[in-house]
Amino acid sequence: PIHDKEIAIISKMISKGILQNIKVAVKSYEIIKLCNDKYKINSVLKDIVKVPCVYQNINDIKEYPVIIKENDGVSSNNINIANNKKEIEAIDLDNKLIQQFVEGDEVTVDCYTSYVNPEGFYYSVRKRIETKAGMSVKSEIIDYPEIGEYCKKIHKKLNYKGVSNIQFIIKDNKAYFIEINPRFAGAGILTYKSGYNFPLMTIEELYNNKIKYPEQLQIGNKMVRYYEETFFDESNHRIRPR
């Protein structure tokens, strides 16, 4: 499963013993709750990775702009940028996180810690060149070992097994943690097609209990995804564009 709300429901079902004799690639319900709570996960990880400042009170804000988003939101839904106190006061702050706005290059890191070998950690840094509705439609795999080390520390801190995708903003050659999603990434197929087939590794380890070592990751691979309308006539024959 790859949707934030979906994995929480499935994980809760597993914790209640509803899905017995079925291996599902989801984390424990406690881990999912922590990762989906932006305020708590920022607090837990701030000692091992750079985290944009979080404000609990609007009177504490000394520098604008700030970003305001749902504490348990998904994708880019209901996100606001406020340039002053007056703009913040016009926003409903219920269940919202107020955070320092960091502008820079956005990257998503596909991460995997082996279920069988705790020392087996793999990552792929995808630079998000263009996004639509919160999903990457143009991206490129880049070499960024520093971010890989951050992600390894995050997985170790959370005692995390399996796949995650972790997002960072790069500003002035510094990586700022934005969020961790305890699931497969929507645009992770670029990583899977470039040598790190995390879905296959998950199946091999959970089902066959054996390590599936990945191929070498192809740095520089790019992906463009798009939608194309296809038309048919009344007899269901495809109409070719003129």
Once you mark the chymotrypsin sites (Phe, Trp or Tyr not before Pro) that are in a DSSP loop and have at most 13 other Cβ atoms within 10 Å, what is the longest gap between them in the chain?
1-225
Each label sits 7 Å from Cα toward the beta-carbon; between N57 and I142 the label points are separated, in nm, by 3.8
Using a 1.4 Å probe on the protein chains only, how many percent of the accessible area of the stretch 199-242 belongs to carbon and sulfur?
49
Which pairs break 30 Å Cα to Cα here: K156/K210; K16/K40; K174/K212?
K174/K212
Given labels modelled 7 Å from the Cα in the Cβ direction, how far is it in nm from E215 to Y39?
4.6
Please state the shape class of the stretch 195-235: rounded when a/c is under 1.5, otherwise prolate if a/b exceeds b/c and oblate if not, all from the C-alpha gyration tensor.
oblate
Report the extension gain between F231 and N78 in nm, rounded to one decimal, defined as 0.36 nm multiplied by the number of residues separating them, less their alpha carbon distance.
51.7 nm
To the nearest 20 debye, what charge dipole does the chain have about its Cα centre, counting +1 at the Cβ of each Lys and Arg and -1 at the Cβ of each Asp and Glu?
460
So which trypsin sites (Lys or Arg not before Pro) in the stretch 50-133 pass both tests, a DSSP loop state and at most 14 other Cβ atoms within 10 Å of the Cβ?
K62
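Relative contact order for the chain using alpha-carbon pairs under 8 Å, separation at least 6, rounded to a whole percent?
The value is 19 percent.
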Starting from the stretch 32-92, pick out the GluC sites (Glu not before Pro) whose DSSP state is loop and whose Cβ has at most 11 other Cβ atoms within 10 Å.
E63
When the chain is treated as a GNM, springs tying every alpha-carbon pair under 10 Å, which of D72, D105, D92 comes out with the largest mean-square fluctuation?
D92
Obtain the nm distance between the two label points defined at L206 and S28 by a simple spin-label model: each point lies 7 Å from its Cα along the Cα-to-C-beta direction.
1.7
Once the in-chain neighbours fewer than 8 apart are removed, the lysines whose Cα is under 21 Å from K222 read K127, K132, K138, K193
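Calculate, for K222 and K157, the FRET efficiency according to 1/(1 + (r/R0)^6) with r their C-beta to C-beta distance and R0 45 Å; round to the nearest 0.05.
Values: r = 32 Å, r/R0 = 0.70.
FRET efficiency, K222 to K157: 0.90.
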What full-extension length gain, to one decimal in nm, is calculated for R238 and E149 as 0.36 nm per residue of separation minus the Cα-Cα distance?
27.0 nm
Given springs between every Cα pair under 10 Å in a Gaussian network model of the chain, which of P199, P145, P52 has the largest fluctuation?
P145
Grab the DSSP H runs of the chain that are 4 residues or longer, score each as -39,500 (n - 2.57), total them, divide by all residues and round the 222 nm result to the nearest 500 deg cm²/dmol.
-7000 deg cm²/dmol
I203: net charge of surrounding residues, Cβ under 15 Å, Lys/Arg +1, Asp/Glu -1, itself excluded?
+2
Before I look further, what does the chain give for accessible area per residue, probe 1.4 Å, in whole square angstrom?
60
Answer with one residue from A187, T113, I219: the one whose Cα lies farthest towards the positive end of the charge dipole of the chain, charges on Cβ with Lys, Arg +1 and Asp, Glu -1.
T113
Quick one: net charge of I189's neighbours, Cβ under 11 Å, K/R +1, D/E -1?
+2
Quick check on the stretch 143-219: take the gyration tensor over C-alpha atoms, sort the square-rooted eigenvalues as a ≥ b ≥ c, and tell me if it's rounded (a/c under 1.5), prolate or oblate.
prolate
Two-site FRET efficiency, E119 against E70, from Cβ-Cβ distance with R₀ of 35 Å, rounded to 0.05:
0.45
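The values are calculated or read from the model by the stated rules, or taken from the named source; none is laboratory data. The structure displayed is predicted, hence computed values, not measured ones. Note: ideal-geometry Cβ built from the backbone for every residue, glycine included; neighbour counts use all protein chains shown. Side chains are part of the model used for accessible areas, which takes the heavy atoms of the whole protein and leaves out ligands, DNA and RNA. Shrake-Rupley method; radii C 1.70, N 1.55, O 1.52, S 1.80 Å.
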